[in-house]
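Nothing in this text is a laboratory measurement; each read-out follows from the coordinates by a stated rule. The structure presented is a predicted model; accordingly, all values stated were derived computationally and were not measured. Positions of Cβ are generated from backbone atoms using ideal geometry, with glycine treated the same way; all protein chains shown enter the neighbour counts.
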């Protein structure tokens, strides 16, 4: 397994060891001891699985009192995945990183607590599985609008398919007092 650090403290790309042969391939999608040795000491408590069509954009989400770290991978299709540092005292506050994750490249990304997270689907369909470090708490969820000019994410799509909830998310400037230190 190879861990690739990013510019945002705590967010890393994981390239698992893939063993291929004539039958297909095998990989460990998670191994607690190996991930801890690589600096990801998170305890995961919930697994999620989403399926989406091309052009769907999910995000940008986080939780206030129960922040979630997320370990993501794509098992079908391809996504453009985004992490935004929302820690007000961080030197990288409001900076974002993107990662192309696909069933083909088998890469994973770990997005630690303290980040907004979202993704859009680049392929006809995509299925995403991710582990979370805290349980989903609907009343605790908040976020920022996908095209917030202060953040300036360069999404590869122009008119995404959004849920009504995601379409109504506020600008970062409107929720600064709700962000973690």
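The single residue among 143, 139 that is without any contact (Cβ under 8 Å) to a residue 40 or more places away in the chain and either touching a helix residue (DSSP H, G or I) at 6+ places or on another chain (Cβ under 6 Å) or under 18 Å from residue 177 (Cα atoms) (or both) turns out to be 139. Within segment 142-181, the set of residues being closer than 15 Å to residue 96 by Cβ, out of contact with any strand residue (DSSP E or B) (no Cβ under 7 Å at 6 or more places or on another chain) and part of a loop (DSSP other than H, G, I, E, B) comprises 145, 147, 148, 149, 150, 152, 154, 171, 179.
Taking (1) loosely packed, with under 15 Cβ neighbours inside 10 Å; (2) under 16 Å from the mean Cα position of the chain (by Cα) in turn, residue 167 satisfies each apart from (2).
Are any of the residues in segment 70-86 surrounded by fewer than 21 Cβ atoms within 10 Å (Cβ to Cβ) and over 21 Å from residue 15 (Cα atoms)? For segment 70-86, residues surrounded by fewer than 21 Cβ atoms within 10 Å (Cβ to Cβ) and over 21 Å from residue 15 (Cα atoms): absent. Against the test of being in contact (Cβ under 8 Å) with a residue 60 or more places away in the chain and touching a helix residue (DSSP H, G or I) at 6+ places or on another chain (Cβ under 8 Å), the options 157, 151, 161 yield a single qualifying residue, 151.
Of everything listed in (1) within 16 Å of residue 118 (Cβ to Cβ); (2) not in a loop (DSSP other than H, G, I, E, B), the single unmet condition for residue 8 is (2). On inspection, residue 37 fails the criterion of being touching a strand residue (DSSP E or B) at 6+ places or on another chain (Cβ under 9 Å) and surrounded by fewer than 15 Cβ atoms within 10 Å (Cβ to Cβ). Within the set 94, 51, 126, the sole residue that is surrounded by 23 or more Cβ atoms within 10 Å (Cβ to Cβ), touching a residue at least 40 places away in the same chain (Cβ under 8 Å) and either in contact with a helix residue (DSSP H, G or I) (Cβ under 9 Å, 6 or more places away or on another chain) or under 21 Å from residue 161 (Cα atoms) (or both) turns out to be 126.
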